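Inspection log for the structure reproduced underneath, given as C-alpha cells.
The values are calculated or read from the model by the stated rules, or taken from the named source; none is laboratory data. The model shown is predicted, which means the values in this text are computed figures rather than measured ones. Methodologically, a virtual Cβ is constructed for each residue, glycine included, from the backbone with ideal geometry; neighbour enumeration extends over all protein chains shown. These accessible areas exclude ligands, DNA and RNA; they are computed on the full protein's heavy atoms, side chains included. Shrake-Rupley method; radii C 1.70, N 1.55, O 1.52, S 1.80 Å.
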Amino acid sequence: MIRSSGFPGCGARVGTLLAVSRFYLTTPIYYVNDVPHLGHAYTMVTADALARWHRLVGDEVFFLTGTDEHGLKVAQAAEANGMTPREWTDSTSRRFIEAWRELDISNDDFIRTTEERHYRTVQEFLGKIYDNGYIRLGTYRGLYCVGCEAYYTDDELDEGRICPVHLRPVEEIEEENYFFALSEFQQRLLEWYESSPSSVLPESKRNEAVGFIKGGLDDISITRTSIRWGVPVPWNEEHVFYVWYDALVNYLTAIGYGSDPARFDAWWPAVHHLIGKDIIRFHCVWWPAMCMAAGIAPPAHVLVHGWLLVSGEKMAKSRLNQIAPSDLAAQFGVDALRYHLLADTPLGADGDFSYEGMTGRYNADLANNLGNLLARVSAVVSSKCGGVGPPPPPDVSGRLASTAATVLAEAVEAWERYSARDALAAAWRLIRETNSELEATEPWKLPPGPQVDAVLGSALEALRIVALLCAPAMPSTSREIWRRLGMPDGIEACRLPGDARWGGYPGGLAVEKGPPLFPRRSA
Ligand code: MSP
C-alpha cells in the first residue's frame, strides 16, 4: 500500500507494516551567478532537516534541489567573464553542489536546468499547454528587472520605477512573444484555494497568494526572442522560454514527467515546495495555473519561509552583505550553524542574523546544555561505573522517562507542522531536565551503587533519545553522541517514534569520555 504524506503531516504512520509514506520535497533552484550565501543555506538546512526527519520516521523521501541556469542575467555574466554560458554555468553550479555537500545536505538529486532531461520535459510540458490552447502569440511591452528575471507593473515598483528586491531601476522592454493565458485561471485558482485550505503555509502567505489572484490576473509573457540562452520553444525555435517558466518545470523533470509515468504518478502531486517569501507569486499563482493548463494536479503543498536578514536587510549580491555559510561552518562547526539556522526562526517569519546572536545561542544551548550534559554523564560513568553505562530503570513514570515521552510526542507534532524550531525546543527541554536531575541528585558525590546506576542509566537513555531527536538538525553530532554512548548499531538504522521510546539503551556498553562536543566560545 502506498500512502502519500499530506498536510497536516505524516499522521498515523504506525499503521500496517506495508504502509509506505512518500515525502517529495523541493527547494528553489538557485541562480548560478550568485554565490551560495547564508540566505540560501537557510532554505537548504530547513529542507534538509525536514527530509531527514521523514527518513527517520520511515518515509520514502525524494529531496530535490539544483541550479537555475538560463536567462539574461546568466548570459550577461558569462560574457563579462569571457566564457560561453555553458562554460560559465558548469563552473558556477559547482559552487552550489560543493556548498551543500559542506553543509551535510542530503539531497537525492541535483537538477541543472541546462541538462538534456530538463529540456525534454520543458518542451513536453509547455507543448502540452500550447496544444491545450493556453499559449498564444502577442506583443509585450513591460518593465523588466534583469535581477529578478521578471516583468513588473508600475504599482509593484518603488518610486522612480525601482525594483523592490534589487533596489535598482527596471528596464522598459518591447518584444513579440508567447503569452500564457493566466487570466483564464482566476476562477479555477480561487476554487482550488477554497478546496485546499492548507496548500500554502503559513496561512498569512496563503492569504497573500489569494490576494494576488483576487486582484486580477493578466496573461503573462513566457518566451523571449531577445536572448538565445534558454530552452527553445518547440513549435517556434525563434523563441526560448522565459527563465521562470523553464525553472518551475524542474520539479516535474526530476520525477519523470513525460518519461516515466509510473514514477511521476507515485510522487506527484503530493509535493512539498519549500520557498522563500520572495517567490510566492511564481509558486502559488503561476505554477498551479500552469499545472492546471497542462492537465495535471497543482502542487499539494507550498511551505513559505521568511528572509534571513543581516541588520534588517536581505542578503544579496547587489548589497554586499552576503555571509558565506562555509565561513561560519569553519568557525562554529557545520552542526552548530545548522542548529542556529533551525532553532532561531519560526517558518514564515524573517530572521535576523548576527555573530553575537549565534555565539550566544552556541554557548547557551550547545556548549552549556547539550555538550555539558554529555561531558558530565560520561565523566561520572567513568569515575563511578568503571566506564560501563548502566541500563535505565524500566519504570516509565520516572521524571526523565515521562519528560522523554512528552517531548517525543511534541517533537513528532512539531515536525508535522514543519516546525524544526519547536521540535528542537522540545528536545532541549529533555536536555535541560536531565541536567537538572543530575544537579538535584549529584551522582558524582555518591558512592557507586544502585542509586548512581539509576541516575546515570536514566541520563544515558535521555541522551540516546536526544541524539535521535537531534538527528535531522545535527546529523554528525547525533552520530557522535551515539558512538560515545557505545550504541552497537548505527543511528541511521533507527526509526521513530518506536526507537525513541524509553528503554532502548541496553546498558553494559563502554561509554567514551571524549573532548568537548562544543567548546565554549568567547563572545
Ligand atoms: N531561481 C529562482 C528560483 C526558481 S525556483 C523554480 C530564484 N533563485 S534565487 O537564487 O534568487 O533565490 C532562491 C531562494 O533562495 C529564495 O526563494 C529563498 O528561498 C532563498 N533565499 C535567497 N536569499 C534569502 C535570504 N536572505 N533569506 C532566506 N532565503 C533566501 O529565485
- Message: 7 Å from Cα along Cα→Cβ at both Arg168 and Thr406: what's the point-to-point distance in nm?
- Response: 5.5
- Considering amide H positions built from the backbone, and no H for Pro or chain starts, which residues 5 or more places from Phe179, or on another chain, come under 5 Å of its amide H? Arg136, Leu137, Gly138, Ile222
- So, relative contact order of the chain in percent, Cα under 8 Å, 6 or more apart, is 16
- Message: Name the residue from His273, Ala300, Pro497 whose Cα lies farthest towards the positive end of the charge dipole of the chain, charges +1 on Cβ of Lys and Arg and -1 on Cβ of Asp and Glu.
- Response: Pro497
- Task: Using the Cα centre as the reference, give the magnitude of the dipole from point charges on the C-beta atoms of the stretch 456-509 (Lys, Arg: +1; Asp, Glu: -1; all else neutral), rounded to the nearest 20 debye.
- Result: 40
- How much length is gained on full extension from Asp265 to Leu157, taking 0.36 nm per residue of separation minus their Cα-Cα distance? 34.9 nm
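Multiply the residue gap between Asp108 and Asp350 by 0.36 nm, knock off their C-alpha separation, and tell me the result in nm, one decimal place.
84.3 nm
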- Label-point gap, in nm, between Glu208 and Glu492 - each point 7 angstrom along Cα→Cβ: 3.8
- Long-range HN-HN contacts of Asp109 with modeled amide H, under 5 Å: Phe63, Thr65
- Query: For the stretch 387-403, what does the Karplus curve 6.51 cos²θ - 1.76 cosθ + 1.60, with θ = phi - 60°, yield as ³J(HN,Hα) per residue in whole Hz, taken in order and with x for Gly and Pro?
  - Reply: x, 10, x, x, x, x, x, x, 4, 7, 9, x, 4, 6, 4, 6, 4
- Shape call for the stretch 255-341, from the Cα gyration tensor axes a ≥ b ≥ c (a/c under 1.5 means rounded, otherwise prolate when a/b beats b/c, else oblate), comes out prolate
- Query: Which percent, to the nearest 5, of DSSP beta bridges fully inside the chain are antiparallel?
  - Reply: 45
- Between Ala510 and Gln451, take the C-beta separation as r, use R0 = 25 Å, and let me know the FRET efficiency to the nearest 0.05. 0.70
- Just how large is the dipole of the stretch 22-335 about the Cα centre, in debye to the nearest 20, putting +1 at every Lys and Arg Cβ and -1 at every Asp and Glu Cβ? 400
- Taking alpha-carbon centroids only, the stretch 433-461 lies from the stretch 307-357 a number of Å equal to 38
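At a Förster radius of 35 Å, what calculated FRET efficiency corresponds to the Cβ-Cβ distance of Asp395 and Arg483, to the nearest 0.05?
0.80
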- Message: Given a 1.4 angstrom probe, what's the average accessible area per residue across the chain, in square angstrom?
- Response: 40
- What's the center-to-center distance, using Cα atoms, between the stretch 471-517 and the stretch 252-299 in Å? 38
- Task: Counting helices only, and only those DSSP H runs with n ≥ 4, report the 222 nm mean residue ellipticity of the chain as the sum of -39,500 (n - 2.57) divided by its residues, in deg cm²/dmol to the nearest 500.
- Result: -13000 deg cm²/dmol
- Task: Could you grab the relative contact order for the stretch 19-96? Cα pairs under 8 Å, six or more apart, rounded to a whole percent.
- Result: 42
- Which ³J(HN,Hα) values, rounded to whole Hz and listed in residue order, are derived for the stretch 416-433 from phi using the Karplus coefficients 6.51, -1.76 and 1.60 in 6.51 cos²θ - 1.76 cosθ + 1.60 with θ = phi - 60°, glycine and proline given as x? 5, 8, 6, 9, 4, 4, 5, 5, 6, 4, 5, 4, 5, 5, 5, 4, 5, 4
- Query: Taking 0.36 nm per intervening residue step and subtracting the Cα-Cα distance, what contour gain separates Val35 from Ser195 on full extension?
  - Reply: 53.6 nm
- Item | Cα→Cβ-extended label distance, 7 Å offset, between Glu98 and Ala324, nm | 0.9
- Per-residue HN-Hα couplings for the stretch 99-111 [Karplus 6.51, -1.76, 1.60; θ = phi - 60°; Hz; x = Gly/Pro]: 4, 6, 5, 4, 8, 6, 7, 9, 4, 8, 8, 10, 9
- Please work out whether the stretch 209-273 counts as rounded, prolate or oblate from its C-alpha gyration tensor, where a ≥ b ≥ c are the square roots of the eigenvalues and a/c under 1.5 means rounded, while otherwise a/b larger than b/c means prolate and anything else oblate? oblate
- Long-range amide H partners of Gly351, meaning residues 5 or more apart or on another chain whose placed amide H is closer than 5 Å, are Trp307, Leu308, Leu309
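Of the accessible area of the chain, with the probe set at 1.4 angstrom, what percent is carbon plus sulfur?
Carbon and sulfur: 52 percent of the exposed surface of the chain.
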- Query: Shape of the chain from its Cα gyration tensor (a ≥ b ≥ c, root eigenvalues): rounded if a/c is under 1.5, otherwise prolate when a/b > b/c, or oblate?
  - Reply: prolate
